[in-house]
Amino acid sequence: MKIKLKSKNKFIPVNVPKIFSQEKINVNSCLNKGWISSQGSFVNLFEKQFSSYNSRKYGISVSSGTAALEIALKSLNLKPKDEIIVPTFSIISTTLCVVKLGLKPVLVDSDLENWNMIPNEVIKKITKKTKAIIITHIYGFPVDMRKIINIAKSKNIKIIEDSSEMIGQKYYKKKCGSFGDLSTFSFYANKHITTGEGGMILTNDKKLYTKCKSLRNLCFGIGKNRYDHDDIGWNYRFTNLQAAMGCGQLKNISWIIKRKREIGKRYHALLKFNKKIFIQPLKYKFAKNIFWVFGIVLKKKSGIKRERVIKMLLAKGIQTRNFFYPMHKQKVFKKLKLFSKKTKYPNAEFLSQNGFYLPSGIGIKNNEIKYICEVLNKIIN
Ligand SMILES: Cc1ncc(COP(=O)(O)O)c(C=O)c1O
């Protein structure tokens with residue numbers, strides 16, 4: 001298929017973050033004063049501001065969203081082989097934290113429409129050994145989590161709410177990240193707020209807060225001997241420079257979320273008539289789409305393979321990313337023989353084979369969105 005387009009094929013990366021002037025002012029002040037490591041006033045300030053933005057009592061900043069998950073899970077003090085329910089269709093971090101801690105990941109399939117773990121599947125997988133559920137919100141919508149949380153509460157199962165992709169999103173009227181016993185976030189460059197790399201754990205529980213703080217900083221001793229460590233911890237500290245950036249970004253969070261939704265709506269309006277692709281709706285009864293990224297799933301009848309679409313888009317200067325690859329298919333977990341071959345996850349497999357996302361960073365321009373949609377509609381027609 002030949003595509004004739006007027007465009008000069010300017011390269012459009014999958015993500016261009018937006019850095020505001022406040023971040024530069026804040027970071028410069030750290031550089032000028034020499035507060036460049038994890039000591040410094042911006043760290044506390046960002047933890048306070050971010051937890052208050054999410055209506056939570058305590059915030060523990062860490063070096064990444066992956067680190068946040070590891071620390072959050074470790075703080076629950078579970079026993080080897082305790083079961084943790086996670087989605088198979090997700091970033092590896094949500095399963096990796098379970099495996100690294102010697103716990104047992106129990107996978108669930110995802111919904112074909114909102115791409116999140118299916119609540120009834122989660123509930124079906126609960127056993128006496130289930131000690132935690134990592135509710136992982138991905139792409140644009142939160143997990144429909146009311147039923148899961150109610151059942152978890154009644155069985156004393158802890159909830160870790162991975163809200164990395166949902167900064168500022170609400171489930172009904174409450175912020176995502178305010179539901180879990182512990183909630184985790186990532187501030188990687190493609191998140192709604194970025195600090196380059198970084199993450200955060202939020203909780204209302206003082207004991208968990210104290211434990212997480214200790215775990216992120218090598219569990220240094222409290223009292224007489226600082227160098228007598230009381231547990232296996234990590235150096236997962238967040239720097240003052242990152243926090244300085246975070247404070248600047250947080251000042252603009254309302255604008256960022258508004259713009260993200262505008263980007264999503266523009267894509268939606270230009271692609272909704274294409275019958276060969278599935279795109280998510282603008283809202284469900286429990287949330288408006290926050291468009292972490294703008295995802296596309298090729299329908300079975302599209303008659304074209306994803307890899308071909310992606311190649312053709314790239315030839316026109318448009319970078320894309322494939323959807324996540326399911327956990328039960330991962331080389332590393334096959335080697336470890338972690339998951340039974342008998343259990344099937346057809347939706348996760350379909351999404352991972354047919355899904356990809358378009359450039360959706362805050363820095364994208366409206367004329368770029370228009371160009372991308374023109375090209376895509378010509379490739380898949
Ligand atoms: C849902 C989810 N959880 C965790 C992470 C890991 O975050 P990080 O890249 O900061 O380690 C990501 C990153 O994209 C994510 O999307």
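Extending each Cα 7 Å along its Cβ direction at Lys100 and Glu262, get the distance between those two points in nm, one decimal.
So the label points at Lys100 and Glu262 sit 3.8 nm apart.
What list of ³J(HN,Hα) values in whole Hz, one per residue of segment 294-299 in order, does the Karplus curve 6.51 cos²θ - 1.76 cosθ + 1.60 (θ = phi - 60°) give from phi, with Gly and Pro shown as x?
Result, ordered by residue: 9, x, 10, 10, 6, 6 Hz.
Within 10 Å of each candidate Cβ there may be at most 16 other Cβ atoms; applying that plus a DSSP loop requirement, which chymotrypsin sites (Phe, Trp or Tyr not before Pro) in segment 269-339 survive?
Here the sparse-neighbourhood loop sites are Phe273, Phe286.
Which residue, Asn204, Leu31, Gln319, has the largest displacement toward the positive end of the dipole of the chain when charges sit on each Cβ (Lys, Arg +1; Asp, Glu -1)?
It is Gln319.
Can you list the residues, at least 5 places off or on another chain, whose amide H is less than 5 Å from the amide H of Ile12, using H built in the peptide plane?
Here the answer is Ile318, Gln319, since their amide H atoms fall under 5 Å of that of Ile12.
With each label point set 7 Å from Cα along the Cα-Cβ vector, what nm distance links Lys276 and His229?
A separation of 5.5 nm, rounded to one decimal place.
Between Lys335 and Lys305, how high is the FRET efficiency from 1/(1 + (r/R0)^6) when r is the Cβ-Cβ distance and R₀ = 30 Å? Nearest 0.05.
Efficiency for this residue pair is about 0.60.
For a test of the definition: using alpha carbon positions, the gyration tensor, and the 1.5 limit on a/c, classify segment 193-284 as rounded, prolate or oblate.
prolate
Gap in Å between the Cα centre of segment 323-381 and the Cα centre of segment 45-101?
Segment 45-101 and segment 323-381 have Cα centres separated by 23 Å.
Sequence-distant or interchain residues sharing an amide H contact under 5 Å with Gly363, placed H: which?
Val16, Lys18
Enumerate the calculated ³J(HN,Hα) couplings along segment 309-314 in order (Karplus 6.51 cos²θ - 1.76 cosθ + 1.60, θ = phi - 60°), each rounded to whole Hz, writing x wherever the residue is Gly or Pro.
4, 5, 5, 5, 5, 4
Taking amide H positions as placed 1.01 Å from N in the peptide plane, with prolines and chain starts having none, which residues 5 or more places from Phe278, or on another chain, fall under 5 Å of its amide H?
Amide H to amide H, under 5 Å and 5 or more residues apart or across chains, Phe278 pairs with Val297, Leu298, Lys299.
Choose one answer from Lys224, Lys334, Lys153: the residue with the largest mean-square fluctuation in a GNM of the chain with alpha-carbon springs under 10 Å.
Comparing Lys224, Lys334, Lys153 in the GNM, the peak value goes to Lys224.
Within segment 14-78, list the trypsin sites (Lys or Arg not before Pro) lying in a DSSP loop whose Cβ has at most 16 other Cβ atoms in a 10 Å radius.
Lys18, Lys57
Once you sort the root eigenvalues of the Cα gyration tensor of segment 269-381 as a ≥ b ≥ c, which label holds: rounded (a/c under 1.5), prolate (a/b larger than b/c) or oblate (the other case)?
It is prolate, given that a/c is not under 1.5 and a/b is the larger ratio.
Quick one: dipole size for the chain, taken about the Cα centre, charges +1 on Lys/Arg Cβ and -1 on Asp/Glu Cβ, in debye to the nearest 20.
The calculated dipole for the chain is roughly 1300 debye.
Among rounded, prolate and oblate, which fits the chain when a ≥ b ≥ c are the square roots of the eigenvalues of its C-alpha gyration tensor, a/c under 1.5 means rounded, and a/b larger than b/c means prolate?
oblate
Please list 3J(HN,Hα) in residue order for segment 288-293, calculated via the Karplus relation 6.51 cos²θ - 1.76 cosθ + 1.60 where θ = phi - 60°; whole Hz, with x for glycine and proline.
Running phi through 6.51 cos²θ - 1.76 cosθ + 1.60 with θ = phi - 60° gives 8, 5, 9, 6, 3, 9 Hz.
At 1.4 Å probe radius, can you tell me the per residue accessible area of the chain in Å²?
48 Å²
Which percentage, to the nearest 5, of the DSSP beta bridges contained in the chain is antiparallel?
Rounded to the nearest five, the antiparallel share is 60 percent.
Can you tell me the relative contact order of segment 177-258? Whole percent, Cα pairs under 8 Å, sequence separation 6 or more.
25 percent
The values are calculated or read from the model by the stated rules, or taken from the named source; none is laboratory data. What you see is a predicted model, and the numbers here were worked out from it, not measured in a lab. Please note: Cβ atoms are built from the backbone with ideal geometry, for glycine as well, and neighbour counts cover all protein chains shown. Just so you know, the surface numbers come from the protein's heavy atoms only, side chains and all, with ligands and any DNA or RNA stripped out. Shrake-Rupley method; radii C 1.70, N 1.55, O 1.52, S 1.80 Å.
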